[in-house]
């Protein structure tokens, strides 16, 4: 008796025409989906053997299936009426859904019926930030610019789309902060960092309230690479005077930046006989000349510092005078010693006795004076330059009667 009453009063089976998909008379239009964004709606039915909210009846469960057409790729319809998944391709999709009472019914009073209607789901292209990490190293006091790219994704497999022009960019509140001195605008992080440190933050791109995507990024700001020196180029010295055969040594030390440093000859040339390796300059020049060069130190993130210097290599110090002019007793004598090469200033010394009355100017190498005693005098002269290089030569001063 009860079953008959229920069957007699059951309303016609139909889809709910207001939720979650709106009945436009021609089709049920479901909420829009977005490629790559989770989607989930629950279809609703009324009447038939199903639950009757007005009567407070639990009723029997409905069953749903797609009759023809196709759901958007990535979405599926469960038998209980839930359309869910992640849309994989943009487009307009139409399909027919059948709503039926439980069939076969679990209660004898239910006479299963069916209803079917066309549905549509529009899937918009999705917005995704394709920049996963910022490759541009950040340095205190150096201009910084790093673009962040976003794509309007029309398909997930394979990933295809177009650049997301016109997206609005922001740093998500409460997700951290950009390094001091940097700002985000039009998809570019730019500025001049002022403070060392490691900074993590989340950026968001938005085209509409339903199309947003965020990505966590990080920037490490380091101090610039700097070079200090010891040895020949100590302090602010950038010019060194030396000569052939005299050892030269200097150590360049890099600091700041990140990790170990790679040294290279950035420009010019070192003197022949002198080498540079890992910031150490060492050797004995073999050829006179002016040598200008730059050494560069680079850290593992591409920061560089350059040290520019000049080495002036003089020829080896040597006494070039071959013969001294003869003198005459009781007459004024004057002769000048000459040298080649070396680094000024130089000092002259007579290592054996000069004729009585003849003196040597140690700065000028000038012999002058008067001697009364004729004779042949063998004198060994020595010259010493600023680098303590010496040269000696024995010359003869003939004093005639």
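The values are calculated or read from the model by the stated rules, or taken from the named source; none is laboratory data. Please read all numbers here as calculations on a predicted model, not as lab measurements. Virtual Cβ from ideal backbone geometry, glycine too; neighbours counted across all protein chains shown.
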Do we find a residue being under 30 Å from residue 267 (Cα atoms), out of contact with any strand residue (DSSP E or B) (no Cβ under 9 Å at 6 or more places or on another chain), at pLDDT below 95 and outside any strand (DSSP E or B) anywhere in region 298-309?
-> yes
So residue 333 fits all but one of (1) assigned by TED's automatic domain parsing to the domain that holds residue 232; (2) in contact with a strand residue (DSSP E or B) (Cβ under 7 Å, 6 or more places away or on another chain); what number is the exception?
-> (1)
Top-ranked residue in region 317-337 [being under 59 Å from the mean Cα position of the chain (by Cα) and under 23 Å from residue 399 (Cα atoms); ranked as surrounded by the most Cβ atoms within 10 Å (Cβ to Cβ)] | 319
Any residue at all in region 127-140 that is outside any loop (DSSP other than H, G, I, E, B), surrounded by fewer than 20 Cβ atoms within 10 Å (Cβ to Cβ) and not assigned by TED's automatic domain parsing to the domain that holds residue 305?
-> no
Quick check, is residue 257 in a loop (DSSP other than H, G, I, E, B) and more than 30 Å from residue 340 (Cα to Cα)?
-> yes
Report whether or not residue 227 is closer than 30 Å to residue 203 by Cβ and not in a loop (DSSP other than H, G, I, E, B).
-> no
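Can you tell me how many residues in region 352-370 are on the phi > 0 side of the Ramachandran plot and either within 60 Å of the chain's Cα centre (by Cα) or in a strand (DSSP E or B) (or both)?
1
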Residue by residue through region 158-176, note down the ones that are closer than 24 Å to residue 208 by Cα and not in a strand (DSSP E or B).
-> 164, 165, 166, 167, 172, 173, 174, 175, 176
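Out of 277, 218, 267, 190, I need the residue that is closer than 15 Å to residue 134 by Cα, exposed (fewer than 13 other Cβ atoms within 10 Å of the Cβ) and touching a residue at least 12 places away in the same chain (Cβ under 8 Å). Which one?
218
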With the checklist (1) over 30 Å from residue 396 (Cα atoms); (2) touching a residue at least 40 places away in the same chain (Cβ under 8 Å); (3) not assigned by TED's automatic domain parsing to the domain that holds residue 142 in hand, flag the one item residue 244 doesn't pass.
-> (1)
Tell me, which residue of region 141-157 that is within 25 Å of the chain's Cα centre (by Cα) and in a strand (DSSP E or B) is surrounded by the most Cβ atoms within 10 Å (Cβ to Cβ)?
-> 150
Could you list, in sequence order, all residues of region 178-187 that are exposed (fewer than 12 other Cβ atoms within 10 Å of the Cβ) and outside any strand (DSSP E or B)?
-> 186
Output yes when any residue across region 292-307 is under 27 Å from residue 392 (Cβ atoms) and either surrounded by fewer than 16 Cβ atoms within 10 Å (Cβ to Cβ) or under 39 Å from the mean Cα position of the chain (by Cα) (or both), and no when none is.
-> no
